[in-house]
Amino acid sequence: MTLRTLLASGLVLLLSTSHAQDWSSDVYKTGELYPGYIIGADGKKTEGYIKYQNRYTMQNEVLFYTDKDDKKSKQDLKTKDLKEYKVADKLYHCINYSGGLSGSAIRANLVVEEGCITQYVWYNRAENWAIMQKGASETEEEFMARMYPSVMVFVKPGDEKPRSLDYFGMGFAKKMAEYVGDNKELARKVEDKEKGYGMLNILPIITEYNAACGK
């Protein structure tokens, strides 16, 4: 592996970690029901309650109750059959991204920031997750981040497919300039490698794009 590839991989890890969501058990408890809603493939929105699960499982299934006090109201839904859902403070969009695997499987990705380019986070599951143990000096979040490594994902209207952060790792200036190409001034700054428009500034670049795109 080249030094350039190692640096790109390190950046992916750095930005993914810095944009991780709050999963503290002090805020929401795994296994508890919290208010939320689902939007089905037909666009119909249904209010109810959703069982809070770990960050990986939440992307693949939704345990939905129309009545939190009635177990018979439970529906075990697959995220591939939904457009969107929300549980507590977590909003998910069901898009064609499932961890970089081949194909175009629709899975739920957690929304980080909505805009003309919407930012998501997807949680993979470590290969040895079933036997992993929390280190003596690890915090709960550090352990969970190790068990469920995150990937940043971007979606722009008209995209054939979502772009994960590592897509921009090699040849950043060319790829990002093309991605924001309808904003000619921003694309020029990126392509010319102006100060503040390199790969380390990918999030500010997207924020600048989003701020201008609605004007």
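Some values worked out for this structure:
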{"quantity": "Proxy reagent accessibility, fewest Cβ within 10 Å first, across Trp129, Trp122", "calculated": "Trp129, Trp122"}
{"quantity": "Long-range tail of P(r) for the stretch 49-107 (Cα pairs > 18 Å, %)", "calculated": "34 percent"}
{"quantity": "The stretch 128-215, relative contact order [Cα under 8 Å, separation at least 6], %", "calculated": "16 percent"}
{"quantity": "Extended-chain gain in nm, criterion 0.36 nm per residue less alpha-carbon gap, Glu160 and Trp129", "calculated": "8.0 nm"}
{"quantity": "Kirkwood hydrodynamic radius of the stretch 26-167, from inverse mean 1/r over distinct Cα pairs, in Å", "calculated": "16.1 Å"}
{"quantity": "Disulfide-incompatible cysteines by the Cβ rule (no partner under 4.7 Å) in the chain", "calculated": "Cys94"}
{"quantity": "Cβ charges +1 (Lys, Arg) and -1 (Asp, Glu), total dipole of the stretch 26-167, debye", "calculated": "380 debye"}
{"quantity": "MRE, 222 nm, helices only [DSSP H, n ≥ 4, -39500 (n - 2.57), over the chain, to nearest 500]", "calculated": "-7000 deg cm²/dmol"}
{"quantity": "Residues Asp89, Asp26, sorted so that the one with the fewest Cβ neighbours within 10 Å comes first", "calculated": "Asp26, Asp89"}
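Taken together, the values in this text are just the output of simple stated rules run on the coordinates, not laboratory data. Every value quoted in this text rests on a predicted model; they were computed, and no experiment measured them. Glycine also receives a Cβ, built like all others from the backbone with ideal geometry; neighbour counts cover every protein chain displayed.
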